[in-house]
Amino acid sequence: MPDDKQKQKGNDSDKSDNDSDNNNIKKNEDISIEEKLKKTEDKLLRSLAEIENQRRRFEKEIKDAFEFGSFNFAKESLAILDNLQRAKVAIKNDDNLKNNKDLNKFLDNLTIIEKDCITIFEKNRITKIDTKDKKFDPNLHQAMTEIEDSKSEPGTIVQEIQTGYMLGDRLLRPALVAVAKKSSNKSEENKDKKEKK
């Protein structure tokens, strides 16, 4: 019998070991199920956030396409207005055409076409950049030259070479300008020498 008792004790200890192993396995399964649930929930939240970000990106791209889809066309159309303005100046300065009695009628027609172009641009949110007596802004202006000017503050625009335009709040073409710079001592000395003579 002692053998039977020992076997039974051995079996009991084996059972308790098995029970503790089973409990550990269940706990590991419970922990792993909870961890898996947390991981899955985290993945789901990340996926939903990514989908929301992508939706916002697409909405912005669509909005930009509607607002600025005509950007290149608008930029190329500025050449028409520039050429009209150049034509008016060239015709006014042409000696052969100055004597023509119909010159003023022709120039009036060019002015009407120019105004129509400007009206069409304004309806489509294309606006002229104002440069008169403004401080130079590299976001809107492109300096082509510096002019010594004692009357103007350095960095102020003193001449517009080519008009700049905006499409909404986006730069379509920078204004080409001449900017005032401080008079140098040499030019002041030359003025003084000329005045003395």
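Observations
- Residue identified as modelled with pLDDT of 90 or more and either more than 34 Å from the chain's Cα centre (by Cα) or surrounded by 14 or more Cβ atoms within 10 Å (Cβ to Cβ) (or both) among Glu148, Glu114: Glu114
- Residue within the range 56-68 that is closer than 27 Å to Thr119 by Cα, touching a strand residue (DSSP E or B) at 6+ places or on another chain (Cβ under 7 Å), in contact (Cβ under 8 Å) with a residue 12 or more places away in the chain and not small (Gly, Ala, Ser) present: yes
- Residues of the range 148-169 that are touching an Asp or Glu at 6+ places or on another chain (Cβ under 9 Å), under 19 Å from Glu67 (Cβ atoms) and in a loop (DSSP other than H, G, I, E, B): Gly168 alone.
- Criterion: surrounded by 12 or more Cβ atoms within 10 Å (Cβ to Cβ), within 33 Å of the chain's Cα centre (by Cα), outside the structural domain of Pro174 (by TED's automatic domain parsing) and aliphatic (A, V, I, L, M) - qualifying residue of Leu84, Leu103: Leu84
The values are calculated or read from the model by the stated rules, or taken from the named source; none is laboratory data. In this text the structure is predicted, and so the values were computed from the model without any measurement. Positions of Cβ are generated from backbone atoms using ideal geometry, with glycine treated the same way; all protein chains shown enter the neighbour counts.
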